[in-house]
Amino acid sequence: MTSESAAGTQTPRRLTQHPWPEIGRPVLLLPLGSAEQHGPHLPVDTDTVIAEAVAMGLGARLEESGAEVLVAPPLTYGASGEHAGFAGTVSIGHEALGAVLVEYGRSALEWASQLIIVNGHGGNVASLSQAVPQLRYEGRDVAWIPCANGYGLPGPEEDAHAGRIETSLMLHIAPDRVQMDKAERGVTEPLEKILPQLMSGGVLAVSPNGVLGDPTGATAREGEELLDAVVASIHRRYLAWDQAESGCLSLPQQG
């Protein structure tokens, strides 16, 4: 079952909108984001907003093929220790996030047929790579799919955080929450060059404004194209179901 959006297109059902007898045995899509700084122009829930939009897009594609899908409310806190020192960043760390994911999966999979975690923040990978294999070891049908920059989005590595990619996506998904008049260029050196300093001192040590990239050329049109590409990419991952030891669904090679 799908519902009509304001634009008239079909969208997957949301978990919280239904009483329990209507829930059934769906594929449950869980957007996983973060609460962390995204430069002077994007809100701290940027990763969460993007992850939810990607999950909704994936859900629509799965429903087109006849699957029963529900999109859960996002988990809005993640492991964001690398963004410490910026106001608005709230990190619960890898141990706590991993524990939350394990307990979430154990509970949700008592009634859902399958749990797919759509991850919007690269810093959550370590937690996912421990929690999802644990759930699978326990016999539960669960996987995670990346949609964060560096883990699924196209683009150069120097556009790693709050740059053109994320800004374009937000201009398409939630334009009223983007302050383009405050968008400014951050560090644009390749990630591999700044990685040692980034690992030792966090983002603040390399970029005072919190931006890794240049958001100034971002557009909503580019964001729409990027979102379509990401949804298509993670849909291919789901259909191929090539699961790594980490629990991540790999992108199939195109021959």
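The values are calculated or read from the model by the stated rules, or taken from the named source; none is laboratory data. This is a predicted model, so every value here is computed, not measured. Note that each Cβ is placed from the backbone with ideal geometry, even for glycine, and that neighbours are counted across all protein chains shown. Accessible surface areas use protein heavy atoms only, side chains included; no ligands, DNA or RNA. Shrake-Rupley method; radii C 1.70, N 1.55, O 1.52, S 1.80 Å.
Listed values, structure above:
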| quantity | calculated |
| --- | --- |
| Verdict on V69 being open to solvent by 10 Å² or more (accessible area, probe 1.4 Å) and either polar (S, T, N, Q) or modelled with pLDDT of 95 or more (or both) | no |
| Lone qualifier among A72, A108, A84 - being among the small types (G, A, S), closer than 16 Å to L30 by Cα and in contact with a helix residue (DSSP H, G or I) (Cβ under 8 Å, 6 or more places away or on another chain) | A72 |
| Single residue of G201, G186 found to be in contact (Cβ under 8 Å) with a residue 12 or more places away in the chain and among the small types (G, A, S) | G186 |
| Flag for L226 being under 21 Å from H41 (Cβ atoms), open to solvent by less than 30 Å² (accessible area, probe 1.4 Å), of a type in the set (A, V, I, L, M) and outside any strand (DSSP E or B) | yes |
| Qualifying residue in region 181-193 (condition: part of a helix (DSSP H, G or I) and at pLDDT 95 or above) | yes |
| Scan of region 10-31 for residues that are hydroxyl-bearing (S, T, Y) and under 11 Å from M56 (Cα atoms), ordered by number | T11 |
